[in-house]
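Structure first, then comments.
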Amino acid sequence: MMDEEPPPCKKQKVDDGIDLCSTKTENKQTKLPPSGAYAKLEGKDTKTDVAFTAFITSLPVTLGRSHDGSPSNFIDLGPAMTASKNHASISFDGVTGAFIFEVFGKGGAVVRQILHKSGSKVTLSSKDPIKIGSLCFYFLQASVDQKPVLNYHELVTEAFVSVGNGTPLGYRDIGRIIEAKYVYYRELAAVSPEKLLQSINRAVRHLTGKESIVKAGNLIGDKRPKACYLQATDDSELMKQVKGALEAGKELNHDNATTDAKVNQVLQAFPS
C-alpha cells in the first residue's frame, strides 16, 4: 500500500522540445515505433533507480502491474505489488479536448503532488508528474504536426489495428483514420486529397501482394461499390466467410454503413 501522503516525485529533467513524431526509438512494450504517439511517459522507479519509458500510441490505454492476460493496449508498470493489474487509465475526451487520467487501484496515484484515490479522474497537462507506488514519471504530450516516421504500409496496418477484427476497410476509410490520427496527413489531404489516397492505394496493393491483407469484397451502400480489405490475421467470422467465398471464386458484399459506424467510433478516440 502507498503511504497516506506519498512523497512527490523528485525533480527530473524534462525535455521541453520533445517531438515524439520524429524520434525513431522503439517502444519495447508494444513493439510499435512511437511515431504518431499521443504522449510519452518518462521517469524512473525511485526504489530500483531503473528508468521507465512508454509511448501512448492508441487510446484509451491501461496502466498496471505486469500480469498474464493483460489487454493489448497496456502499459506495464513493472511487477511491484504497489500497483494493481488495472491501476489507472489515460483516455482522451473529444468534447473538452483533454487527456483524462482515471485511477482504479486501491493505492491511488499522485498527480501534481496530490493523492488521488480509486475512482478519481484528473485532467492531464503536458509535463504533469505522476507517481504510482515507487514509480515516478512525467506525462509528456506529443507534437503531432510533423511527418510521422511510419511508412504508408505501416500506416495502413495501423488503421486495421485501430478498428479491430471483422471490419472491412476501403481506401477512404483508411484515409479517414490516418487523417484523424496525424495532423500532418490531415493537412496533406486538405491540400491534395488524391495524393494521400494514391499512396494508400499503392500500400494496399503491396500488402495484398505480400498476403498481409486480403481483399474482402465490396462495400455497398455508397454511391458505388468500393473494394474493401481485412487483415490476413483477422480471425473473425466475417473472415471465414470471405475465405469461403474466395475459394468458391466469389466476392462478398458488405454494408458500408456498418464500416462507417465502426470508423466513426474509432475516430472519437483520436485527439483533433
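The values are calculated or read from the model by the stated rules, or taken from the named source; none is laboratory data. The structure displayed is predicted, hence computed values, not measured ones. Counting neighbours? That spans all protein chains shown, and the Cβs are built from the backbone with ideal geometry, glycine included.
Could you please find all residues in segment 65-104 being within 11 Å of ILE132 (Cβ to Cβ), at pLDDT 95 or above and of a type outside the set (A, V, I, L, M, F, W, C)? Correct list: HIS87 only.
Can you tell me which of LYS47, LYS40 is of a type in the set (Lys, Arg) and within 19 Å of the chain's Cα centre (by Cα)? Give the derivation first.
On the way: LYS47 fails: within 19 Å of the chain's Cα centre (by Cα).
Going through LYS47, LYS40 in turn, just one is of a type in the set (Lys, Arg) and within 19 Å of the chain's Cα centre (by Cα): LYS40.
Among the strands (runs of 3 or more DSSP E) confined to segment 51-116, the ones with at least 3 residues that are touching a residue at least 12 places away in the same chain (Cβ under 8 Å) and surrounded by 15 or more Cβ atoms within 10 Å (Cβ to Cβ) are located at 51-56, 61-64, 74-76, 88-93, 98-103, 109-111. Annotation: SER84 fulfils all but one of (1) more than 23 Å from VAL50 (Cα to Cα); (2) assigned by TED's automatic domain parsing to the domain that holds ARG65; the unmet one is (1).
Of the residues making up segment 230-252, those that are more than 30 Å from VAL61 (Cβ to Cβ) and under 29 Å from the mean Cα position of the chain (by Cα) are LYS240, GLN241, VAL242, LYS243. Conditions: (1) outside any loop (DSSP other than H, G, I, E, B); (2) within 17 Å of the chain's Cα centre (by Cα); (3) surrounded by 21 or more Cβ atoms within 10 Å (Cβ to Cβ). CYS136 meets all but one. Number of the miss? Only one criterion is unmet by CYS136, namely (2).
Only a single item in (1) among the hydroxyl-bearing types (Ser, Thr, Tyr); (2) in the same structural domain as LYS240 (by TED's automatic domain parsing); (3) in contact with a strand residue (DSSP E or B) (Cβ under 9 Å, 6 or more places away or on another chain) is not met by SER162, and it is number (3).
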